[in-house]
1. Which distance in nm do the two modelled labels at VAL245 and THR148 give, with both placed 7 Å along the Cα-to-Cβ direction?
2. Considering the dipole of region 172-284 built from charges on the beta carbon (Lys and Arg +1, Asp and Glu -1) around the Cα centre, which of HIS244, ALA178, VAL221 is farthest to its positive end?
3. Take the Cβ-Cβ distance between LYS63 and LYS274 as r, set R0 to 45 Å, and report the resulting FRET efficiency rounded to the nearest 0.05.
4. Suppose R0 equals 22 Å; then what is the FRET efficiency for ASP104 and GLU229 from their Cβ-Cβ distance, rounded to the nearest 0.05?
5. Among ALA262, PHE205, PRO130, which residue has its Cα positioned farthest towards the positive end of the charge dipole of region 92-274, with +1 placed on the Cβ of Lys and Arg, -1 on the Cβ of Asp and Glu, and the dipole taken about the Cα centre?
6. So who's got an amide H within less than 5 Å of the one on LEU185, skipping anything under 5 residues away but keeping other chains? H placed 1.01 Å off N, in plane.
7. 5 Å is the cut-off here: which amide hydrogens, built 1.01 Å from N in the peptide plane, fall below it relative to TYR139, excluding neighbours closer than 5 in sequence?
8. Sorted by accessible area with a 1.4 angstrom probe, largest first, how do HIS244, HIS77 fall?
Amino acid sequence: MFRRLCTSLSLSSISKTNSLFAFQNNPIKVKQPQRRFHHSLSLTPHFFSSNLRMNHTQTAAVKKAELLRSLEASLGHAFDSNPVCPPPNPLIIVISGPSGVGKDALIKKLRESRDSLRFVVTATSRPMRPGEENGKDYYFVSKEEFLTMIDKNELLEYALVYGDYKGIPKKQIREYMAKGYDIILRVDIQGAQTLRRVLGDSAVFVFLMAESETALVERLVERKTESREELLVRIATAREEIKHVKNFDYVVVNAEGKLDVAVKLVESIIDAEKAKVQQRSAVI
Ligand SMILES: Nc1ncnc2c1ncn2[C@@H]1O[C@H](COP(=O)(O)OP(=O)(O)OP(=O)(O)O)[C@@H](O)[C@H]1O
């Protein structure tokens, strides 16, 4: 192979000394390449007609084109410009963590920075909070409507959380994945456990946590959406939930005032997952 390469290189340099157009009538007989890899670099009389003296960049381009052609000639076929790796599978990313840790805030930022991500809107029977939008933050449905969705097997998972139902409609996930989008799911720890049973290792599970219990409680208090009693329940639950971190693939700390750092880390996780040789392959 090395000798063949040398031969073709020396042949190409000979043709160059004779004439710049000489290799248009290349004497080397090769099988016609099926697809030309470097059309844009091929020499045509037009290329030189307007400017007979080539500058340094043009000369380098010609040399490169010539070398590529001679390599193709030696190999007997054109280089393949198709991607070497198949496109990565659509990914399901499950974001979970204690109440008030910043799941919604993180997902909002992720959606702004990544076009390839689609957020699957959770259906819930809880009342709408100020600033929330139906169909954007959640699908707000009545308890009766939610129970009908359960009966029809329309939910990937559901749970009764603090007296309200929350669940993930399957339809949206299927539609987005068919279009090649990555899916981001937001669930509490109970929901993540159910999803792990349903999806196994076919999805990526990310546990979001605050840097300390104090930080978590302060965040919840500042949000002003829970009563004193509700806060106590959420704090007690968070203490239990933290024990489930071992069932997740990744843990991300969302430290006070450092939401952007947490977002970047989740983006890196997505990038790393996309570069995996053995891709996860979720079927809903
Ligand atoms: N890194 C951070 N630093 C300071 N405040 C934050 C940070 N991340 C989120 N917050 C704020 O903390 C509060 C709770 O966040 P968020 O509502 O996103 O939590 P959550 O995990 O979705 O809660 P829940 O599960 O109860 O819906 C919000 O007011 C949010 O703006």
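1. About 4.3 nm separates the two model spin labels.
2. ALA178
3. Values: r = 36 Å, r/R0 = 0.80.
Using R0 = 45 Å, I get an efficiency of 0.80.
4. Working: r = 22 Å, r/R0 = 1.01.
Calculated transfer efficiency: 0.50.
5. Result: PHE205, furthest along the dipole toward the positive end.
6. Result for LEU185 returns ILE93, VAL94, ILE95.
7. Close amide H contacts, sequence-distant or interchain: THR122, ALA123, THR124.
8. Numbers: HIS244 55, HIS77 95 Å².
Result of the area sort, largest leading: HIS77, HIS244.
The values are calculated or read from the model by the stated rules, or taken from the named source; none is laboratory data. Fair warning: this is a prediction, and the values are worked out from it, not measured in the lab. Using ideal geometry, Cβ is built from the backbone for each residue, glycine included, and neighbour counts are taken over all protein chains shown. Protein only, heavy atoms only, side chains kept; ligands, DNA and RNA dropped before computing areas. Shrake-Rupley method; radii C 1.70, N 1.55, O 1.52, S 1.80 Å.
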